[in-house]
Amino acid sequence: MSKTGPMAGQGTSGKSQGPRHDLVPVVIGGDIGVYAIGREFHEAFGTKVACVSDGCIGAIRHSSIFEQHEVPDLEPDTIARALSQIGEAAPDAHVVVMHNTDHLVDVLGQVADDLPSNVTCAIPGKEPCRLLSDKVTFAQCCRQHGLDVPETEVAHLAGSSPIEPTCIPFPLVAKPAVSAAYAHLLRQGFKKVYFIHAQHELDELWGQLRDVGFEGDFLVQELIEGDDTYMDSLTIYMGANGKATMLGSAQVLLEDHAPTMLGNPVVMVTRPMPELWEKVEAMLADVGYHGFANFDIKRNRRDGRSVFLEMNPRIGRNSFYNLAAGVNPMRVLVDDVVDGIDAGCLKAEEKILYTLVPTSLIPTYLRDPDLLAEVRALIAEKRVFDPQRYQADSGPRRMLDVELTERNQVRKFARYYPEPTDTSF
């Protein structure tokens with residue numbers, strides 16, 4: 001287990017004793033979540049990380065801990081070729097492949113069996129993944145294990161039959177039932193989540209989706225009131241032994257509000273959630289889940305109950321909060337799939353402030369004086385962690401990219417979410 005370090009943004013101790021030459025970490029993609037995973041690998045094992053990407057942020061492009069493997073796209077044939085080449089170039093090493101999007105879960109599921117024998121893809125089994133990635137069957141599993149979910153209706157977009165008006169009171173939320181089947185529409189201007197005030201807005205959305213050929217299901221859900229600070233995140237790793245080997249959780253303080261990034265946390269405070277940990281572990285064990293999972297939860301402002309919104313069959317964009325709070329997820333992964341070590345269940349229980357935005361922006365969005373005081377104390381104690389700010393990867397060109405990214409965050413919030421609201425929309 002790693003422990004948090006004494007300086008803001010420095011990450012955790014527990015670094016490897018030297019580069020681990022029998023391990024080739026690979027991360028597919030090119031966003032900040034990919035950088036965080038690469039950093040976790042580097043902190044744990046001291047080895048460079050292969051980044052397979054069709055385009056990456058400057059923090060990766062100008063990094064000293066990544067080796068670039070540029071590809072024209074992230075489709076199955078392309079990914080299979082790239083991973084096969086990496087595996088064949090290191091036949092005596094364990095090649096461990098990580099990812100961080102729903103699309104790549106599907107892609108790796110299609111190609112994993114055809115890769116060289118020394119390549120391991122960190123993906124869950126197809127049936128447990130299907131069961132929990134579909135928000136309809138996910139809700140059923142939650143109810144069976146004593147986890148609350150929002151009131152929900154399912155709209156079937158396939159065909160041309162009229163979709164009945166909703167019975168859920170407005171305002172409400174609409175979002176795709178299966179994120180992977182919808183991901184391509186984000187590039188066409190569609191949103192991850194819709195905040196709907198009236199039936200005519202819902203009818204217009206159904207028409208727009210059908211016009212572009214979308215035939216999946218959409219969920220219409222009750223709005224759980226509360227600003228971003230009512231959101232929670234839970235991250236778990238289920239080992240080959242059928243038990244949780246890593247547990248972490250955090251209260252979200254601020255989410256991204258740009259339309260295509262809506263709902264991605266950018267500021268969090270880690271908090272243990274043992275009661276929820278126990279129920280989530282039981283649910284995942286019941287369906288035979290193996291690997292990382294990340295849950296989006298919202299506390300109802302009126303009654304305080306935790307409502308489970310969805311599960312991501314992957315580690316999540318903000319995996320670094322676990323490392324900052326005491327547990328390096330990539331060490332947990334390698335213990336399980338490479339070394340076969342059962343270290344029990346490691347829990348990320350140290351309190352830290354995780355942020356992807358300048359700390360000067362955070363007070364604007366904290367209306368609870370106790371929460372604001374807690375955050376200011378963590379800042380004063382230098383318990384602030386940003387995965388982008390890594391002392392072992394602090395070249396001037398890369399750090400310029402980080403500075404520019406943070407300034408852009410300030411501009412984004414001024415444009416899309418200038419002040420907090422009761423609904424976070």
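The values are calculated or read from the model by the stated rules, or taken from the named source; none is laboratory data. Values in this document were obtained by computation on a predicted structure and should not be read as measured data. Positions of Cβ are generated from backbone atoms using ideal geometry, with glycine treated the same way; all protein chains shown enter the neighbour counts. Only protein heavy atoms, including side chains, enter the accessible area calculation; ligands, DNA and RNA are left aside. Shrake-Rupley method; radii C 1.70, N 1.55, O 1.52, S 1.80 Å.
Ignoring ligands, DNA and RNA, what percent of the 1.4 Å accessible area of region 311-360 is carbon and sulfur? Walk me through the numbers on the way to the answer.
Working: 590 of 1380 Å².
Carbon-and-sulfur percentage of accessible area, whole number: 42.
In straight Cα distance, which lysines are under 30 Å from Lys298, not counting same-chain residues fewer than 8 positions off?
Lys3, Lys126, Lys135, Lys175, Lys191, Lys192, Lys243, Lys279, Lys347, Lys351, Lys382, Lys412
Check which residues have an amide H placed less than 5 Å from His94's amide H, if you skip close sequence neighbours.
Correct list: Leu23, Val24.
At 1.4 Å probe size, with every protein chain present, just tell me what the per residue accessible area of the chain comes to in Å². Display every interim value, and only then the final one.
Numbers: 17620 Å² over 425 residues.
That works out to 41 Å² per residue.
Distance from a point 7 Å along Cα→Cβ of Asn241 to each backbone N in region 320-354: keep the residues under 13 Å and list them by number.
335-337, 340-346
What is the set of long-range amide H partners of Leu309 at a cut-off below 5 Å, with H atoms built 1.01 Å from backbone N?
For Leu309, the qualifying residues are Asp296, Ile297, Lys298.
Probe radius 1.4 Å, ligands and nucleic acids ignored: give me the carbon and sulfur share of the accessible area of region 88-209 as a rounded percent. List each step's numbers first, then the result.
On the way: 3090 of 5940 Å².
That fraction is 52 percent.
Please give me, ordered by residue number, the trypsin sites (Lys or Arg not before Pro) of region 175-214 that lie in loop per DSSP and have at most 13 other Cβ atoms within 10 Å. Please report the intermediate quantities before stating the final value.
Numbers: sites: Arg187, Lys191, Lys192, Arg210; in loops: Arg187, Lys191, Lys192.
Taking region 175-214 and a limit of 13 other Cβ atoms within 10 Å, the loop trypsin sites (Lys or Arg not before Pro) found are Arg187.
Under the 0.36 nm per residue contour assumption, what length would be gained going from the current alpha-carbon distance of Glu67 and Ala343 to full extension? Spell out each step's value before the answer.
Working: separation 276, 0.36 × 276 = 99.36 nm, distance 3.04 nm.
My answer for the length gained is 96.3 nm.
Size of the chain along its principal axes in angstrom, Cα-based, largest extent first?
Over the chain, Cα extents along the principal axes are 61, 51, 40 Å.
Measure out, as a whole number of angstrom, how far apart the alpha-carbon centroids of region 206-280 and region 309-349 sit.
Centre-to-centre distance over Cα atoms comes out at 17 Å.
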